[in-house]
């Protein structure tokens, strides 16, 4: 039923996207604030306790309710799973920014594209300014944000949903992501032990999903260049998890991302396997980000989703046959 629940949730989210201002998100935000106020005493162990008090009860509650409803009737269990996935997974939770940037650039309205990008980036970087960016830089940053957002709003949730029973994995991943951002968004918390625990916990939860997402980008894009960039360029990023996604996506797309000197792509290697793993080859800078690359990014993300959905369908069929 996992495959069916994902399909229904994705279709529902496309037809009627969940608004950012909704009672579920507001309740989680209030609960996270409450825990931070009552447990943050400036020590690492307080952060660990706070994270456990925030993430585990809600994760276990989603699982317990799934089991209870499934005992009453399997359809109720599926309905609950769809509702939870609807609240935790979906393209429309981030894609409106990306789409608005595409439309602005298609209308040659660079100022509007800058405004939308600035609004998007300021959710995590309050002091970010796009006022001086040219078109290539706007496209580059939009692609980077889209790749990371597709992982955190779709693929990361997807992988943990598959790993844990019911919708528990989706809740655990989304809460871990939210806590990491929430407890580091203010100057008072950023860099403090309480906030650092939230970030570290999310890095652990995201360790496997981020690598599976990168593999998916490589399989549906330019495999050799994606693996090469992942191996040789991901470590240049301060945020290693973000670096893996962007480096693999850059190679898969053949687009230069990061700082101008950041990524080197390999073309026409004499030994494809050896060069993909990082041995010397004929280097060539990736092409500059452009509106066309924005369209290619959308295709890459959708192809990757189809890849993982097909694999999940095959696993589901194999389980039924077995």
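The values are calculated or read from the model by the stated rules, or taken from the named source; none is laboratory data. Note that the coordinates shown come from a computational prediction; the quantities given were computed from them, not determined experimentally. So basically every Cβ, Gly included, is an ideal-geometry build from the backbone, and we count neighbours across all protein chains shown.
Worth pointing out:
- Exclusive hit being over 22 Å from residue 302 (Cβ atoms) and assigned to a helix (DSSP H, G or I), set 136, 130, 104, 123: 136
- Given (1) part of a helix (DSSP H, G or I); (2) surrounded by 17 or more Cβ atoms within 10 Å (Cβ to Cβ); (3) touching a residue at least 40 places away in the same chain (Cβ under 8 Å); (4) in contact with a helix residue (DSSP H, G or I) (Cβ under 7 Å, 6 or more places away or on another chain), number of the condition residue 149 does not satisfy: (4)
- Across the stretch 66-92, the qualifying residues are those that are surrounded by fewer than 18 Cβ atoms within 10 Å (Cβ to Cβ) and in contact with a helix residue (DSSP H, G or I) (Cβ under 6 Å, 6 or more places away or on another chain), and the one among them that is modelled with the lowest pLDDT is 92.
- Tally of residues being loosely packed, with under 15 Cβ neighbours inside 10 Å and either in contact with a strand residue (DSSP E or B) (Cβ under 9 Å, 6 or more places away or on another chain) or farther than 23 Å from residue 4 by Cα (or both) across the stretch 54-65: 2
- Within this structure, residue 104 passes the test of being under 23 Å from residue 139 (Cβ atoms), surrounded by 13 or more Cβ atoms within 10 Å (Cβ to Cβ) and in contact with a helix residue (DSSP H, G or I) (Cβ under 7 Å, 6 or more places away or on another chain).
- Test: residue 185 is modelled with pLDDT of 90 or more, surrounded by fewer than 24 Cβ atoms within 10 Å (Cβ to Cβ) and touching a helix residue (DSSP H, G or I) at 6+ places or on another chain (Cβ under 9 Å): no
- Evaluation of residue 168 against (1) in contact (Cβ under 8 Å) with a residue 60 or more places away in the chain; (2) within 19 Å of residue 241 (Cβ to Cβ); (3) crowded, with 20+ Cβ neighbours inside 10 Å (one fails), failing number: (2)
- Test result for residue 115, surrounded by fewer than 17 Cβ atoms within 10 Å (Cβ to Cβ) and in a helix (DSSP H, G or I): yes
- Selection from the stretch 15-48 of residues that are within 22 Å of residue 95 (Cα to Cα) and modelled with pLDDT under 85: 17, 18, 19, 20, 21, 22
- Number of positions in the stretch 83-101 that are under 17 Å from residue 138 (Cα atoms) and outside any helix (DSSP H, G or I): 1
- Positions within the stretch 251-282 being surrounded by 13 or more Cβ atoms within 10 Å (Cβ to Cβ), at pLDDT below 50 and assigned to a helix (DSSP H, G or I), in sequence order: 272, 275, 276
- For residue 307: the one exception among (1) farther than 30 Å from residue 3 by Cα; (2) at pLDDT 75 or above; (3) in contact with a helix residue (DSSP H, G or I) (Cβ under 6 Å, 6 or more places away or on another chain): (1)
- Residue 180 within 22 Å of residue 310 (Cα to Cα) and either under 14 Å from the mean Cα position of the chain (by Cα) or without any contact (Cβ under 8 Å) to a residue 24 or more places away in the chain (or both): no
- Taking the numbered list (1) in contact with a helix residue (DSSP H, G or I) (Cβ under 7 Å, 6 or more places away or on another chain); (2) surrounded by fewer than 21 Cβ atoms within 10 Å (Cβ to Cβ); (3) assigned to a helix (DSSP H, G or I) in turn, residue 248 passes all entries but (2).
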